[in-house]
């Protein structure tokens, strides 16, 4: 359909299902860290090249703007239909409309808000597209590096323009108490950004690993990403242990906020450094160094927590 590879449509469907499961009623919020990954892969590996490929295997290219909008738009329609189904019953019971009208309103609602998903897909396509006429290959690395910023920008636009801050990605972590404390400093958009960073790293492991000559790097990329994600969670657990052990009870709230602010700023600085490394030396090296840095911080924090005497 529209010269979009079938695997891209399957990935869009998978992403939509995962994005539904992370919100109530299923409330499988731990899937949040991989829910957008299939969509990113679909956008960056959506079509076959126009030229004849002589080597074995199919090298898929990033979607063109129209294709990317359509893929992400379809994902958004399914997502809103699966998470905002309550609009149908609400309009029937309290809106005084019939079954067909309530169903029509739900469909229009999904078609409208899914435009923001489509805009995200369009931004990723534009970031991955080379400058017109310069003959350079698509820049999947640039698209991956800026994907978290694009997602948060679209979420902010949806909240401010439409006035419907429902199902923001960060809201899914409301029951993840240690991580949710970041929102006291960054708001829900900080949580969304952090979740998208992990999703982007996972997508990079597949997209970069699938490039010609890079297949052998896929496993190290996946292992580094998984190690970084696990260590990042344990980092905050260790910080909480330090606070509980050493801080007076009346001061723990302020110290906790300061801890998360410092951690968030340090991760931001680390992300900037890794972004520069990814641009100049390759994304694989940046992921490996990032995983190592987070693991070292995790170990240091847990050692500090273990050796901190209780008050």
May I ask you to derive the relative contact order of the stretch 1-120, considering only C-alpha pairs under 8 Å and at least 6 residues apart, and to give it as an integer percent? 26
Give the calculated FRET efficiency between residue 97 and residue 31 to the nearest 0.05, with a Förster radius of 22 Å applied to their Cβ-Cβ distance. 0.05
Once the Cβ-Cβ distance between residue 111 and residue 149 is put in as r, and R0 is 30 Å, what FRET efficiency do you end up with, to the nearest 0.05? 0.70
Using a/c under 1.5 as the rounded threshold, could you call the stretch 1-53 rounded, prolate or oblate? The axes a ≥ b ≥ c are square roots of the C-alpha gyration tensor eigenvalues, and prolate needs a/b larger than b/c, oblate otherwise. prolate
For the stretch 1-105, take N as its residue count and report Rg(C-alpha) divided by 2.2 N^0.38 Å. 1.37
Mind ordering 182-194, 32-44, 93-105 by average Cβ neighbours within 10 Å, highest first? 32-44, 182-194, 93-105
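Where a number appears in this text, it was derived from the coordinates with a stated rule and is not lab data. As the structure is a prediction and not an experimental result, all values here were calculated from the model. Please note: Cβ atoms are built from the backbone with ideal geometry, for glycine as well, and neighbour counts cover all protein chains shown.
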